[in-house]
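*Asks:* Input: one structure, supplied below.
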Amino acid sequence: MLNLRRKPVIRKTVILTFVFFFLTGFLGINASDKRVGEGVVLNPKPAAEPPKLDGELDDPAWQEALVIDGPFIVNQPVYGEVLPQKTEVYLTYDSNNIYVAFYCHDTEPDKIKTSISRRDNLGTDDWVGIDLDATGNRQSTYEHICNPNGTQWDLINSASGGENADPDWIWYSTGKLVADGYIVEIRIPLKSLKFKSGNNVMLNIAFFRFISRTGTNSSWPQLDEQKGYFNSLVPVVFEKLSPQLRLEALPAFTFGSIRDRLTPSEWSKADTSTQLGFGIKYGITSSINTEITVNPDFSQVESDEFQVLVNQRYPIFYSEKRPFFMEVQNQFDLAGLSGSTNMSTAVHTRNIIDPAWGGKIQGDLGKVSFGILASGDEWPGKDLDGSTNSLLNEGKNANFLFGRLKYSLKGDNYVGLIFTGRKFGDDSNQVVGGDIRFRLKGNHNISFNGLLSDSKDPETLEKSGGGAFTLNYQNYRKPLNLYFSAEHYTKDFRMDSAYYYRTGITGLSAVIGPNFYPDKEKFPLFAKISYMLSANYTHDHITKMDDVVLTNRLNFYFPFQGVLSIYNTLKKEAWMGQSFNQSSFTATAEFQLTNWLYLGSGFAYGKALYYSGPFLGHKTTFIIQTAFQPSSKFRQDFDYQYQHFTRASDNQPVYDLNIFVSRTTYQFNKYLFIRSLIQFDSYRKIVLTDILGSFTLIPGTVIYLGYGSLHGKNYWDTANSKWDPGMGPEKYYQFTQSFFFKASYVFRF
């Protein structure tokens, strides 16, 4: 039995975890050597003529550009080593653009991994990147990444929310393989950035290079483990950055058609919809953008991948895929949530189900950063969980309003405020809160947020209020990783904008993870070995019961992007008035075996809880993922997951689950691709097939053409003329056919 009173070893482990944290957490390790790039201020000269992006460095602009040829320093997997391959970076600018070029020398050019792929899909290739803090506040960066073919990957990195690859913006790049490596050229239009303007403008910058075959990520300047990523960026001074006219118009046309099977031989008439949408984006200043959209196209082009829905205690989290909302995710992230076990995000825009309109404004004024987002949801007469709301007339809109304000302190520290509101007839919810993040010497990061809610129940018309807070501490360095978190939610707390699991709880979490670096000559296959001990404790104030989770994990890191993880978990979980003791063993591995083959797999076995019983059982899980890429244009992905659950008391099977996903992609060039998708779920007895063709000239100027088909296993009751599963032998029928077309064009003035 997993009982803290009956098992002194487990109780001592929890106590020692927290004692070890307090004994080691504030022992700083001071760097004695000056890091590469420390104290440097870059002063690029303006280019008389813009360079041509052709993979050649013979333009006068590059000949006169600022050149950084100092060593790149490895960040992962082993911090502090010098990258053995030489990298040269060229930096210049003019009145409209910032230009960057990389010359990546390689002593084994035949082993460079590259592909012609869709945007944001090159993580396992060789790549280079420029991270630009365009406001100079050390709170966020635009990350521009290119592989040797010039395929783009862009991310926004923020001090509050980390990296987010969802937003896309307009910039230009090209790449070319050469005899001794590869060359990448990048042009970043100033009107694509929120930036400081004026004379002698100081921004912050860093350059990165990733080598696929060794799994090595490196940078110039060297990232300081004592100061963290944002504080390691070096200043760059531009003599003059002029304000830009930033005016964009985005008309969009969408057509959809869907048919449903009525009988085995009869289909419904096509239900078609034609929609014209229009959006306009305007830069009020060089650092403030506003965007308004009426009758927008919020269509979700990419289907949600199948996930395990059987035996889930909490709803499944689905990522945002709609461009209008993807651009604001980092703005509303709260400090402290990165390690929360209860709340993933304070603003989960997938809660806005069927938007009719949207508006937002985002910007920076000196040290102040702000964002406002509003939207009207046409989801008719439904609550967020999909149940019918009897007190509201069908067609009533739910209105959402989110506001965010942050003030930058020294370095990447900040304080912030947040407001979220949702009103749906008599149903209303408002939340106000604040957060703070600060870093102490020695890379000790402390984050805190506090939230207060005020709500009105639509059925009882009663008002209620609640509160929540999260406090966490992080210290990640080469020899030792430490983490501690405390969070509390009152039982009446409610936040309709957020994604969270429970209320009425108090939770504590701690993680200790020492890192070991074997001698390369004796153990050439091991780049790093890490151990992690984690403990999670949750007390439910409503049931007066506790949950406890203890995990021991061992990770092995290999040079060729290989990771092997072995861990066991002990768990005591309270559910339906009972306490259930569980345990499991898990092993996962992933390797980029060659330039053309990726393989990932996982296996887990142990005692688990079946929530619908409730009762304990034995659960087996097997996962395999492969990516086969025989050429730079063709890629085949296979994902397979198997679950088998048997009742512990009598060893009788409860369920079997097979989920299979096949994704075939052919990329004609970096603008045009065609993709076929097949997804199969044996438990829900459905098969989804989807074919999508896409042409993307630049973000916003796109054409999509797609066809989807849903098959389900069912039985047709001829006597009663209805579908009636379970009444006879079932067979797979195609139940839905859908056709989709979308075209939009960005007019940039």
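*Asks:* Run the simple label-point estimate for Asn199 and Ser95 please: 7 Å along Cα→C-beta, distance reported in nm.
*Replies:* Between Asn199 and Ser95, the simple spin-label model gives 1.7 nm.
*Asks:* For Lys742, which aspartates and glutamates qualify as cross-link partners when the Cα separation must be under 14 Å and same-chain residues fewer than eight apart are set aside?
*Replies:* Asp297, Glu302
*Asks:* Another one. Given Cα pairs under 8 Å that are at least 6 residues apart, what percent is the relative contact order of the chain?
*Replies:* This gives 10 percent for the chain.
*Asks:* Another question about this same structure. Which of the trypsin sites (Lys or Arg not before Pro) across region 395-429 are loop residues per DSSP, with 11 or fewer other Cβ within 10 Å?
*Replies:* Lys410
*Asks:* Once you have a ≥ b ≥ c as the square roots of the Cα gyration tensor eigenvalues for region 566-614, tell me rounded if a/c is under 1.5, and otherwise prolate or oblate according to whether a/b is larger than b/c.
*Replies:* Here region 566-614 falls in the prolate category.
*Asks:* For Lys619, which aspartates and glutamates qualify as cross-link partners when the Cα separation must be under 19 Å and same-chain residues fewer than eight apart are set aside?
*Replies:* Lys619 reaches Glu573, Asp650, Asp656, Asp681.
*Asks:* Moving on to the next point. How long is the gain from Asp271 to Lys176 if the chain were fully straight, where each residue apart is worth 0.36 nm and the alpha carbon distance is subtracted?
*Replies:* The Asp271-Lys176 span can extend by a further 29.4 nm.
*Asks:* Which one, Pro315, Gly706, Gln474, projects farthest toward the positive side of the charge dipole computed for the chain from Cβ point charges (K/R +1, D/E -1)?
*Replies:* It is Gln474.
*Asks:* Still on this structure, please answer the following. If I take R0 = 30 Å and measure r between the Cβ atoms of Asn295 and Lys463 in this structure, what FRET efficiency does the formula 1/(1 + (r/R0)^6) give, to the nearest 0.05?
*Replies:* With R0 = 30 Å, the Cβ-Cβ based efficiency is 0.30.
*Asks:* For a 22 Å ceiling on Cα separation, which of these pairs sit above it: Lys227/Lys520; Lys528/Lys633; Lys396/Lys456; Lys113/Lys321?
*Replies:* Going by Cα-Cα distance, Lys227/Lys520; Lys528/Lys633; Lys113/Lys321 fall outside the 22 Å limit.
*Asks:* Let me ask you something else. With just the Cα atoms defining each centre, how far is region 596-639 from region 398-429? Give it in Å.
*Replies:* If you average the Cα positions of each part, the centres end up 37 Å apart.
*Asks:* Could you pull out the GluC sites (Glu not before Pro) across region 411-509 that fall in loop regions by DSSP (anything but H, G, I, E, B) with no more than 15 other Cβ atoms inside 10 Å?
*Replies:* For GluC sites (Glu not before Pro) across region 411-509 that sit outside H, G, I, E and B with at most 15 neighbouring Cβ atoms in 10 Å, the list reads Glu459, Glu462.
*Asks:* Moving on. Shape of region 653-733 from its Cα gyration tensor (a ≥ b ≥ c, root eigenvalues): rounded if a/c is under 1.5, otherwise prolate when a/b > b/c, or oblate?
*Replies:* Verdict is prolate for region 653-733.
*Asks:* How far, in nm, would the chain grow between Val310 and Phe253 when pulled straight, counting 0.36 nm per residue and subtracting the alpha carbon separation?
*Replies:* Extra length available between Val310 and Phe253 comes to 16.8 nm.
*Asks:* Also, I was wondering about something else. Please report the antiparallel percentage of DSSP beta bridges with both residues in region 38-103, rounded to the nearest 5.
*Replies:* 90
*Asks:* Any idea how far the Cα center of region 100-136 sits from the one of region 257-277, in Å?
*Replies:* Each part reduced to its Cα centre gives a spacing of 45 Å.
*Asks:* Could I ask something else about it? Average the reciprocal distances over every distinct pair of alpha-carbons in the chain, invert the result, and give the Kirkwood radius in Å.
*Replies:* 28.4
*Asks:* Something else: Would you calculate the separation in nanometres between label points at Ala48 and Asp492, each defined as 7 Å from the Cα along the Cα-to-beta-carbon direction?
*Replies:* 7.4
*Asks:* Moving on. In region 541-605, what trypsin sites (Lys or Arg not before Pro) fall in a loop by DSSP, with at most 15 other Cβ atoms inside 10 Å?
*Replies:* Those satisfying the criteria are Lys544.
*Asks:* In addition: Using r as the Cβ-Cβ distance of Glu108 and Leu554, and R0 as 35 Å, what FRET efficiency do you calculate, to the nearest 0.05?
*Replies:* Once rounded, the FRET efficiency stands at 0.65.
*Asks:* Which value in nm describes the separation of the simple spin-label points at Asp650 and Tyr666, placed 7 Å from the Cα toward the beta carbon?
*Replies:* Once both label points are built, they end up 5.4 nm from each other.
*Asks:* Per 0.36 nm of contour for each residue apart, how much would the distance between Leu593 and Thr285 grow if the chain were fully extended, relative to their Cα-Cα spacing?
*Replies:* Extra length available between Leu593 and Thr285 comes to 106.0 nm.
*Asks:* Hey, which lysines would be in cross-link range of Lys194, C-alpha to C-alpha under 17 Å, not counting anything within fewer than 8 residues on its own chain?
*Replies:* Those lysines meeting the cut-off are Lys240, Lys281, Lys360, Lys367, Lys406.
*Asks:* Let me ask something else about it. Taking a ≥ b ≥ c as the square roots of the eigenvalues of the Cα gyration tensor of region 34-241, is the shape rounded (a/c under 1.5), prolate (a/b larger than b/c) or oblate?
*Replies:* rounded
Any read-out appearing in this document is the output of simple, stated calculations on the displayed coordinates, not a laboratory observation. Nothing here was measured: the structure is a model prediction, and the numbers come from that model. Positions of Cβ are generated from backbone atoms using ideal geometry, with glycine treated the same way; all protein chains shown enter the neighbour counts.
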